[in-house]
Amino acid sequence: MLHRQLIAATACLLGCVACGPGTGTEGVEVGPLQGRFYVSDEFSPSGHMGDGENPGFITADIGENCKARAPGVGGACYRFTYQPDLRFGADMWAGVYWVYPSNDWGTRPGRTLIPPYKRVRFKAAAELRPDPSNPETRETPRVSFLVGGIGSNPADPQPYSDETIGHAQAIKNAYLTTEWQDIEIDLTSVVPATPFQMISGFCWTVNYQPGVPTAQSPPTVIYLDDIVWDPE
Amino acid sequence: MKRFFQGLAALLSLGAGLVAAPRLAHAEDPELNPYECLGRYEAATGNRTISQIKQEIKKRIPELDNKDEPKSVNAMKHCVVAMLMSRTGDGDAPLHYEIAVKNAPQEPGYELWFANHYSMFRGARSPVTETAEVHYYASLKKLDALRASGKYRAYHAVVEEWTKKRLMVLYQQDGLHLIPGKQYPQKPGGLYRPSFSVGAIAGLSKDTRDFNRKGDWNEARTFTLERQFANSDVRAGGASRPDPYLKGLKPFEHYAIPRAPLRYHLDAKLRYRQNPIGALDFTYDQSHAEQAQITSFYFPAGCGLAPLCNELDGSKNGLNDVNVRQIGGAYERVLPLYPLFDAKVGLSYKRVHRVGVVEFLPNKAEDFNLYEGKLALSRFVGSDKITAELGYTYFDMPLGQGPVAEQSRSRHIRSALLEYALYSPLVLPSLAAGEPSFLRTPTRGWYFYTGIVQDDEQYGFRTVTKRDIFLGSRFEGSGIFDITLQGTYATGKQTFSSADTGMLYSDPSQSYNGFRTNLTPQLRIINPDAIPGISWGFDSLMLVFPISHDLGLKKASKDYENIRAGVEMWGRVFSPVLGPAFLMTAGYNYQSFYNINNGANPKGMHLFMLNLRMGWGDL
């Protein structure tokens, strides 16, 4: 009798501990993305590229050290500082993808989006970078912005990819100034009519070529804010 | 024939004495040395089984009803029965102690035995302090009264020494009492006086275990999960790192992950103790671990290619310091709820300030609440004791950075333990008679236990689960030798859920399965129960030889298999000045991770620890 009680008590104690506290979705709304959303709420700027693949060349400030925010904006604001790699053979460019899950380059599924989505709109600005040592470098940084492209490199196939129509949609080589600019990426030709998967939500790249930086060259500092996927 | 008549005469005179005794009782009860109770108890239990002792109790109970005998004699008989009942786990023991105290109201010795029942037999993981206190202080009051009336005998000095020592042992977790009353040497009026005491632990170690002082108790698993995460496609396993690192961890990085950071900590508490409320603590803990945390899992061994890999703030060799500060409060009380059980309730709250455990951000501070609850239930099953223990710790972490789905952070640690303590005398091999033989031997207990500890830490949609299921036995012999053997099945896994559907997936690349064997023989150099009173010097001293082995149960868990052995010394000193208990532990261990090497030799580490505690915790 005693032995049975002991076994029952043991099983009860061990069992109640072994039951997990949850699945990791506690307190988080689950489901595909539909309607307007801030990219900072759903994707993380963890996909560093080019010189940014190595630690120390891109510094990301999220929600701090931002440029004064414009009225009515939402989501997180960002400041990115890119110090180019000056070694021979370095990439001379860098970029950051906002991805979900963090650091995913196509090995894991991303988020499902339910169309329609017509544009990605955001605000961008930069610090001027006069470089007396290299007159070829323009004072206004030249930045490209794009949506899509993860997992679609034929040279490096991945099990999952951004399901845009075509490789990606980009605003190429926009010259940023110290004032906020409103920029839009048109999605009408890249978003499918049916629900689709996106690992990435946004991306920027900076290319120093042909203005090759020198040791005296200042870093590129860009500000981003209010990045929104908009169905309208 | 002559002997027969001598024996008969002795019996007759004894009978005459017993018959005559009641008549004398009405005049004045004879003074009895309370140690006669202890002597009779020892005579009734020596070399006997528990069922024989129970028979002895049955035999003695009818003899307790003799109303004509002197009350002091009757008190002594009740005391013997009560002690026998304490030994056999009989719930009626307090009833007989009470009668003994009632029938010999001036005798402090019975109060001492009664208090010992609550401090040494009863309780759940801790003595029933508040009930034991009542009788220890009653003993002190009676000793004072005897001294005043000139009836303080030589044996009362021994009773007094033991009473004060037992009170000190009862309060050993309190530390240094700041105001008189419960402060050593305790005064008779100290029972209901509030007590304020300070306790402290100072520790220094260089060890592979206990990285964040809670939860990371299995270093083979900790290092394996770190290596697997670093080697995953979201870190070094998926990144195009510069030469010579490249994609995927290199052998020198595998080799670097096991580490033994230098750590020191100071825990301090101010305890308020009040009978019958219990103990209320205000705590402050500070700890520092030197180069303990991997700063970036892209480079778990650091990146030495400066300036290619600019060192992140605070990082050297890929590691950064961890600092933790905790301020909080705790409450603890053992509740005697017999005939059901004794219950220990413990609750604590801490506000934690932690720096150094967020990846990439070695200077990032986290502030959060930590809640802890413990419940232990204990009761006798015959002479044996069964104890069930439940624990729950909740880290209420702040939201992390990143997308909403990845911000949620929390940690739950749950534990359950079931212990069966066998207190029956055991037939054990003996060489006492000069040749091998088997004797029924009383022991300090043979403990069998099983339990589970589960630690779930949530990082957004990912949860890292570490689970230990253990089974063990500890034998505490009557002599100087104790031994513990424990086996632990340890697992670690990572699960993640889809942000779209909430469906749960496990990540097979992030899992650990291992078996740990612990063998801990120990020698009791100085027995704590052998010395009455308080004087400088070790009251208790143990030499411990911990040995452990971690076996990986699948290929991915084998890298950090290891064997570890060492020697530790655990000692306790009571200060005759104001009476705090000092507990010292010092040890050296060597740990060999025999499956990884630097090209020539397996990785081996010299480890040490030194702890000094004033109050706080059992030895």
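The values are calculated or read from the model by the stated rules, or taken from the named source; none is laboratory data. All figures in this text were calculated on a predicted structure; none of them were measured in a lab. Please note: Cβ atoms are built from the backbone with ideal geometry, for glycine as well, and neighbour counts cover all protein chains shown.
Brief remarks on what is shown
- Given (1) in a loop (DSSP other than H, G, I, E, B); (2) crowded, with 24+ Cβ neighbours inside 10 Å; (3) polar (S, T, N, Q), number of the condition B:SER86 does not satisfy: (1)
- Selection count, the range B:380-390, where residues are in contact (Cβ under 8 Å) with a residue 60 or more places away in the chain and within 18 Å of the chain's Cα centre (by Cα): 3
- Residue within the range A:203-220 that is among the β-branched types (Val, Ile, Thr), in contact (Cβ under 8 Å) with a residue 24 or more places away in the chain and farther than 17 Å from A:TYR78 by Cβ present: yes
- Subset tally (residues that are surrounded by 19 or more Cβ atoms within 10 Å (Cβ to Cβ) and in a loop (DSSP other than H, G, I, E, B)) for the range A:44-82: 6
- Cβ-Cβ contacts under 8 Å between residues 6 or more apart (or on different chains), taken from a first residue in the range B:248-275 that is surrounded by fewer than 16 Cβ atoms within 10 Å (Cβ to Cβ) to a second residue that is part of a helix (DSSP H, G or I) and aliphatic (A, V, I, L, M), are absent.
- Members of the range B:554-576 found to be in contact (Cβ under 8 Å) with a residue 12 or more places away in the chain, more than 22 Å from the chain's Cα centre (by Cα) and exposed (fewer than 15 other Cβ atoms within 10 Å of the Cβ), listed by number: B:LYS554, B:PRO576
- Index of the failed condition, B:GLN228 passing every other in (1) closer than 30 Å to B:THR491 by Cβ; (2) at pLDDT 90 or above; (3) under 23 Å from the mean Cα position of the chain (by Cα): (3)
- Filtered residue count, the range B:360-379, keeping only those that are surrounded by 15 or more Cβ atoms within 10 Å (Cβ to Cβ) and either at positive phi or touching a strand residue (DSSP E or B) at 6+ places or on another chain (Cβ under 8 Å) (or both): 13
- Residues of the range B:186-197 include at least one that is surrounded by fewer than 19 Cβ atoms within 10 Å (Cβ to Cβ), touching a strand residue (DSSP E or B) at 6+ places or on another chain (Cβ under 7 Å) and either acidic (Asp, Glu) or more than 30 Å from B:GLN293 (Cβ to Cβ) (or both).
- Residue in the range B:584-607 that is outside any strand (DSSP E or B) and crowded, with 17+ Cβ neighbours inside 10 Å present: no
- Some residue of the range B:199-208 being part of a loop (DSSP other than H, G, I, E, B), surrounded by 17 or more Cβ atoms within 10 Å (Cβ to Cβ), assigned by TED's automatic domain parsing to the domain that holds B:TYR594 and free of Cβ contacts under 8 Å to residues at least 12 places away in the same chain: no
- Pick from the range B:229-268, criterion in a loop (DSSP other than H, G, I, E, B) and among the hydrophobic types (A, V, I, L, M, F, W, C), ranking: farthest from B:GLY599 (Cα to Cα): B:VAL234
- So B:THR463, is it modelled with pLDDT of 90 or more, within 8 Å of chain A (Cβ to nearest Cβ) and more than 22 Å from the chain's Cα centre (by Cα): yes
- Long-range neighbours under 8 Å by Cβ, at least six apart or interchain, first residue at the interface with another protein chain (Cβ under 8 Å from one of its Cβ atoms) and farther than 17 Å from A:LYS123 by Cα within the range A:33-45, second in a helix (DSSP H, G or I) and among the β-branched types (Val, Ile, Thr): A:GLU42/B:VAL404
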